[in-house]
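Encoded as structure tokens, the structure appears first; notes follow it.
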Amino acid sequence: MAEERYPSAEIAEWVRAWRATRQLTYDLLRALPYAVMNFSPHPEFGTLIRQIRHVADIQACYIAAIRSGKMDFRVQPRQRALEQSKEHVEAYLRHLDGELLSTLKELPADQRARLIDWGPRERARLAVPRDFQWRAGGAVKKAYGTRVMQEFLGGRFDAPGELLRFEARDLSADSVAVLRRKLERLIAEFNESAEVDSTLPGRRRTAFGLLVACRPWEFSVMIALKKRKPAGAQAEGSRSKPA
């Protein structure tokens, strides 16, 4: 078998590790009967073979992202017909594996340079923005959004470097627009600081969370009190005056 050539030694090493890991998926597909692969422990859970098909769909999105430089999970259709047999899923995976390796072999030098920064002692850093936004209604937000907010806001916010402030006031549309721009600038500065600090040793950094949110809002208790007040005032005014 002719030796495969990749644009860099790092990519070649990744391919070797990828093949070893992907072979485990093929072994699982061949070892388990279809009845087991098509089983789901709960009506709202996908079957095991659907999860493997989903992994393949995500891989297709990554291949497209490597080629275009843009990640978009919405463009990949859900090919559920593939779940009708293990052979269909395996063929789909092998096709995508070939597409992935071909894409990596043809990766231009300028694109390789912006994917990973290689430092001393083979220290690697992703050369792409680490900030992301949850897609409204997306699977990641549905799965983890509530849990992330609960875990983050569950702290006491009384340790050094911690801060929790909540303000609720009446604002005009113009003031809201100004506030929104200032908050977006704060987020940009937070990410810029993270990029600068990413060059520091791990012992000098700590995982840090920043929550920024604003929306038209009023406490439900206050809304309820406002609704009750007119009724109470009317009842007071309807009382007969003493003779």
Quick one: which of Gly202, Gly232, Gly161 is at pLDDT below 95 and on the phi > 0 side of the Ramachandran plot?
-> Gly161
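Go through Ala20, Ala64, Ala56 for me and flag whichever is over 18 Å from His95 (Cβ atoms), out of contact with any His (no Cβ under 7 Å at 6 or more places or on another chain) and free of Cβ contacts under 8 Å to residues at least 60 places away in the same chain.
Ala20
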Being under 27 Å from Gly209 (Cα atoms) and assigned to a helix (DSSP H, G or I) is the filter here, so list the residues in region 162-176 that pass it.
-> Ser175, Val176
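Residue-by-condition table, conditions (1) over 30 Å from Pro201 (Cβ atoms); (2) at pLDDT below 85:
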{"residue": "Val15", "(1), (2)": "no, no"}
{"residue": "Asp27", "(1), (2)": "yes, no"}
{"residue": "Pro33", "(1), (2)": "yes, no"}
{"residue": "Asn38", "(1), (2)": "yes, no"}
{"residue": "Glu99", "(1), (2)": "yes, no"}
{"residue": "Leu104", "(1), (2)": "yes, no"}
{"residue": "Ala109", "(1), (2)": "no, yes"}
Go through region 1-25 and give me each residue that's hydroxyl-bearing (Ser, Thr, Tyr), under 16 Å from Gly98 (Cα atoms) and more than 27 Å from the chain's Cα centre (by Cα).
-> Tyr6
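The values are calculated or read from the model by the stated rules, or taken from the named source; none is laboratory data. What you are looking at is a predicted structure, and each value in this text was computed from that prediction instead of being measured. Counting neighbours? That spans all protein chains shown, and the Cβs are built from the backbone with ideal geometry, glycine included.
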